[in-house]
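Novice: First, the structure itself, so that you have it in front of you.
The values are calculated or read from the model by the stated rules, or taken from the named source; none is laboratory data. Keep in mind that this is a model prediction, so the values were computed, not measured. All Cβ positions, glycine included, derive from the backbone under ideal geometry; neighbour counts span all protein chains shown. The protein model used for the area step is the full one, side chains on, heavy atoms only, and it has no ligands, DNA or RNA in it. Shrake-Rupley method; radii C 1.70, N 1.55, O 1.52, S 1.80 Å.
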Amino acid sequence: MRRAVAWWILGGLLLAQVAVMALSLDGTLFAGLVLNAVYLLPGLLVAGRAWRNPGPDRAAFGFLSAGMTAYGVANVYWYLVVRDLDPEPLVSPADGMWLAFYPCFAVALVLLLRRRLPRLSTAAWLDGVIASGAVSALVSVPLLATVDPSPQATLVGVVVNAAYPVCDIVVAGCLLGAWALCGWRAERTIILMIAGMALFATGDAFSMMLIWQGIDPWPAWIELTWTIGLTLLALAARHTASSPGSAAGGQPAGMWVSTAVPSGLALLCLALLVYEALADHLAPPVSSCLAGIAVAAAILRMILSVRSAEALGAARRQARTDDLTGLANRRHFVEHLDLTIAGSEPCLSVAFVDLDRFKEVNDSFGHDVGDSLLRMVGDRLRAALPDGVLLARLGGDEFGLIMPGCDAGGAGTIIENILRTLREPFALPEVDLHVDASVGIAVYPDDGTDRPTLLRRADVAMYAAKNGHDGLTFATGLDDQARARLTMLEELRTGLSRGELVLHYQPKVLVGAALEVCGVEALVRWQHPVRGLIYPDDFLYTAESADLMRHVTAAVLDLACRQIRSWHDEGLPISVAVNLSVSNLRDPEFPAQVASLLERYDLPPSALELEVTESVLMTDADHALALLGQLRGMGIKLAVDDYGTGYSSLTYLQVLPVDDLKLDRAFVSRCTTDPRSAAIVQSTVQLAHSLGMRIIAEGVEDDATLAMLHEYGCDIAQGYGIARPQDAATTTRWLRSHQIATLAA
Ligand code: C2E
Ligand code: MG
Ligand code: MG
């Protein structure tokens with residue numbers, strides 16, 4: 001508040017000074033009071049700022065206020081003491097105080113800059129030299145021309161009075177240099193300081209001229225240049241940004257300003273030098289020297305700019321190149337795609353090419369071989385592509401193509417060609433490798449008209465190609481399906497952690513007159529909070545492809561074991577069959593997990609049966625065999641599920657460590673109507689028995705089938721005709737109303 005009042009007073013004093021001038025009141029007491037106050041107040045305002053803000057700029061403002069206050073005090077002294085002397089001396093103690101302003105100002109400027117400019121580039125320093133040299137040179141021409149001492153002047157008088165323009169030149173040079181060091185930012189502080197000092201220099205120049213010419217009194221407006229100059233300096237202190245790093249606080253100067261200002265100044269200096277040479281010593285030698293320095297700095301600056309432009313170009317190229325393959329990188333790819341979309345092509349295609357099983361190459365042969373392969377793939381792709389197609393390595397084993405002017409047909413032809421090229425073996429130091437790739441293509445404008453959409457669709461298409469082992473997939477029509485899949489996966493992940501999986505149980509009975517229950521099969525369902533009960537065929541494939549099956553089986557096994565425990569506790573000694581997936585048979589930890597579950601629920605191994613489909617067994621036969629051997633060794637019963645739908649050879653069946661064969665319902669359900677199915681059922685029963693296995697018939701839907709199975713000697717039956725899969729409570733009731741065979745059955 002008090003500060004605002006002080007500023008209002010200063011404004012009022014300036015107006016009063018103008019009024020004094022306009023009304024020709026010079027020499028009155030009022031004019032003297034106004035003038036001395038208006039000289040003193042700006043320095044005091046800066047001192048107030050230094051006092052109030054104990055920040056790092058305090059010292060700088062301390063010096064500035066000291067200089068400005070000395071200036072004000074000098075005036076008071078001159079007004080009270082020197083003014084009335086006759087003759088008025090050319091030099092007095094007031095000059096000492098006036099001149100003290102300049103070193104104080106210079107120190108303040110250095111302190112302000114030192115904190116704000118931690119590290120300066122050579123270019124910034126050169127800009128500083130150009131600016132300070134040029135401004136000093138140009139300002140020195142008119143200012144030094146005013147130094148024209150009268151014959152009576154003493155040496156001290158000449159030196160002291162010449163010191164004003166010289167100091168103005170130095171300060172102007174310093175200020176412009178400082179501005180250059182700040183990167184020519186349009187900061188209010190610097191602008192106000194420059195304006196203030198420009199007024200100072202103007203006043204000094206004119207007053208010197210008048211002094212040498214012996215004109216007294218001076219016109220009143222000269223005083224105004226100094227008082228307004230001081231006010232501008234006080235304003236500069238008020239507006240100085242106080243946070244470090246905001247050297248300038250203002251907006252960074254545009255390219256135009258940062259090149260035009262030093263170039264303009266250097267050109268002016270050059271003009272000065274040329275004019276000086278032609279007009280024979282027009283300018284003082286000091287000005288020519290300063291101009292020469294500025295021009296030399298400008299030449300150096302130009303050389304530096306050319307060098308850094310070259311380095312920038314190289315860095316830009318490097319930043320857009322993939323180190324390993326020398327191809328364009330993702331950044332280049334993205335920029336190029338934006339440009340191509342913005343261009344005039346009526347259509348374009350974007351493709352993602354991902355190598356299949358590249359991870360295995362890395363794992364088996366090491367990263368060096370992997371890197372060599374990527375380089376060779378890059379070279380081969382480049383050679384196979386027509387001109388105008390941009391090839392980039394987007395990361396890992398993923399490459400991207402931008403095919404301007406290509407519709408789906410054109411892109412398809414190009415991709416078929418590169419897939420063919422890739423299939424030729426790659427001769428690596430240790431091994432010849434065959435590489436396959438999955439490619440997804442998105443076409444502009446059909447699949448999208450902006451970069452993110454096109455890239456997303458190409459990516460989704462690439463994943464679809466990978467999952468479907470298709471090699472090449474177009475994005476069109478894929479998105480909804482892919483989005484649904486991603487949503488389901490996300491929901492399944494949360495569903496798993498929230499325990500949304502539930503088990504239904506389907507009884508298995510011994511085929512015979514009594515239909516004794518010999519076990520139940522646990523079948524998983526997903527109790528979805530919105531979609532209701534979801535059956536396994538609708539989510540297990542997705543879970544498997546996203547590597548979630550381990551978690552699903554773990555959840556199912558836990559639920560099943562808990563249920564067995566509870567049935568056993570209720571006096572229902574039932575065994576439960578759980579279905580396994582392919583990832584379980586690849587997981588060396590799996591037997592240990594099963595063992596720990598049995599231990600946790602205190603169950604005999606015979607209470608658990610594990611079912612593995614024929615196709616799962618065949619996916620990774622050797623691993624499966626070893627793991628099943630381990631599980632069987634623990635006393636757990638094993639069954640081959642859906643038997644007859646895969647193609648397990650008889651030799652393989654002979655060595656499989658399993659107890660039961662579950663004949664697929666495709667044969668069982670038709671065995672009463674189709675003699676060929678009946679023959680298959682009959683012979684499979686015999687085969688199983690001859691291998692020491694029991695046969696379980698799936699999909700028994702009626703009594704006729706059951707009777708036929710009985711006739712063929714089938715051991716166990718399961719199907720809607722006996723009981724549908726039901727939740728645990730219903731199954732418990734069903735079990736209570738049926739006779740249960742002993743666990744060993
Ligand atoms: P699966 O192991 O062969 O299970 C038998 C499937 O046949 C069950 O379908 C069952 O409801 C159905 N089914 C039983 N009797 C009849 C019948 O008389 N007629 C007909 N038409 N169908 C019958 P669901 O429950 O939909 O399971 C389908 C498949 O999902 C299972 O085939 C199994 O391969 C898999 N599956 C189920 N639960 C799990 C699990 O917890 N883990 C794993 N890895 N797979 C599971
Ligand atoms: Mg099964
Ligand atoms: Mg089955």
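Novice: Which one of K637, K662 is at pLDDT 85 or above, within 23 Å of E589 (Cα to Cα) and either open to solvent by 10 Å² or more (accessible area, probe 1.4 Å) or within 16 Å of ligand 1 (Cβ to nearest atom) (or both)?
Specialist: Answer to the selection: K637.
Novice: Looking at (1) over 23 Å from the mean Cα position of the chain (by Cα); (2) in the same structural domain as K466 (by TED's automatic domain parsing), which is the only condition V350 fails?
Specialist: That leaves (1) as the condition not met.
Novice: So which residues in region 466-487 are more than 26 Å from R357 (Cβ to Cβ) and at pLDDT 70 or above, if there are any at all?
Specialist: Residues satisfying the conditions are T476, A484, T487.
Novice: Let me ask something else about it. When region 322-363 is examined, which residues are found to be within 24 Å of A408 (Cβ to Cβ) and without any contact (Cβ under 8 Å) to a residue 12 or more places away in the chain?
Specialist: Within region 322-363, L339, A342, S344 qualify.
Novice: Right, next: Can you find even one residue in region 642-653 that is open to solvent by 40 Å² or more (accessible area, probe 1.4 Å), within 16 Å of ligand 2 (Cβ to nearest atom) and under 23 Å from L709 (Cα atoms)? Before you say what the answer is, go through the steps one by one.
Specialist: If we filter region 642-653 for residues that are open to solvent by 40 Å² or more (accessible area, probe 1.4 Å), which is where we start, we get 642, 645, 647, 649-651.
Next cut, within 16 Å of ligand 2 (Cβ to nearest atom) only: 642, 645.
Filter once more, keeping what is under 23 Å from L709 (Cα atoms): 642, 645.
Within region 642-653, one or more residues are open to solvent by 40 Å² or more (accessible area, probe 1.4 Å), within 16 Å of ligand 2 (Cβ to nearest atom) and under 23 Å from L709 (Cα atoms).
Novice: How about region 665-693: which of its residues are in contact with a helix residue (DSSP H, G or I) (Cβ under 6 Å, 6 or more places away or on another chain), part of a helix (DSSP H, G or I) and within 15 Å of ligand 1 (Cβ to nearest atom)?
Specialist: F667, S677, V681
Novice: A follow-up question, please. With respect to L15, is the statement that it is open to solvent by 40 Å² or more (accessible area, probe 1.4 Å) and in a helix (DSSP H, G or I) true?
Specialist: So L15 fits the description; yes.
Novice: How many of the residues in region 711-723 are surrounded by 14 or more Cβ atoms within 10 Å (Cβ to Cβ), of a type outside the set (A, V, I, L, M, F, W, C) and either touching a Ser or Thr at 6+ places or on another chain (Cβ under 9 Å) or in a helix (DSSP H, G or I) (or both)?
Specialist: The number of residues fulfilling the criteria is 3.
Novice: Ok, one more. Can you tell me which of (1) open to solvent by less than 40 Å² (accessible area, probe 1.4 Å); (2) away from ligand 1 (no atom under 14 Å from the Cβ); (3) farther than 27 Å from T732 by Cα is the one D587 doesn't meet?
Specialist: Unmet condition: (2).
Novice: On to the next question. Exactly one of (1) closer than 30 Å to P605 by Cα; (2) within 16 Å of ligand 2 (Cβ to nearest atom) is unmet by A666. Its number?
Specialist: (1)
Quick grid of which residues meet (1) open to solvent by less than 10 Å² (accessible area, probe 1.4 Å); (2) touching a Cys at 6+ places or on another chain (Cβ under 9 Å); (3) over 21 Å from G692 (Cβ atoms):
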{"position": "L580", "(1), (2), (3)": "no, no, yes"}
{"position": "P591", "(1), (2), (3)": "yes, no, yes"}
{"position": "S596", "(1), (2), (3)": "no, no, yes"}
{"position": "S606", "(1), (2), (3)": "no, no, no"}
{"position": "A621", "(1), (2), (3)": "no, no, no"}
{"position": "L628", "(1), (2), (3)": "yes, no, no"}
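Novice: Looking only at region 384-425, how many residues end up being farther than 17 Å from T473 by Cα and basic (K, R)?
Specialist: Looking only at that region, the number is 2.
Novice: Consider G699 carefully, then state whether it is more than 15 Å from ligand 3 (Cβ to nearest atom) and surrounded by fewer than 21 Cβ atoms within 10 Å (Cβ to Cβ).
Specialist: Answer is no for this residue.
Novice: Could you tell me which numbered condition V556 fails, if it satisfies all but one of (1) more than 16 Å from ligand 3 (Cβ to nearest atom); (2) part of a helix (DSSP H, G or I); (3) more than 19 Å from D642 (Cα to Cα)?
Specialist: Exception for V556: condition (1).
Novice: Within region 515-523, is even one residue within 14 Å of ligand 2 (Cβ to nearest atom), crowded, with 20+ Cβ neighbours inside 10 Å and hydrophobic (A, V, I, L, M, F, W, C)? Outline the logic, then answer.
Specialist: To start, the set of residues in region 515-523 that are within 14 Å of ligand 2 (Cβ to nearest atom) comprises 519-523.
Now restrict to residues that are crowded, with 20+ Cβ neighbours inside 10 Å: 519-522.
Adding the requirement that they be hydrophobic (A, V, I, L, M, F, W, C) leaves 520, 522.
Yes, that holds for at least one residue.
Novice: Let me ask you something else. If you scan region 21-38, which residues turn out to be free of Cβ contacts under 8 Å to residues at least 24 places away in the same chain and part of a loop (DSSP other than H, G, I, E, B)?
Specialist: Passing the criteria: L23, S24, L25, G27, T28.
Novice: Restricting to region 551-574, what's the tally of residues that are closer than 24 Å to L540 by Cα, more than 11 Å from ligand 1 (Cβ to nearest atom) and of a type outside the set (D, E)?
Specialist: 5
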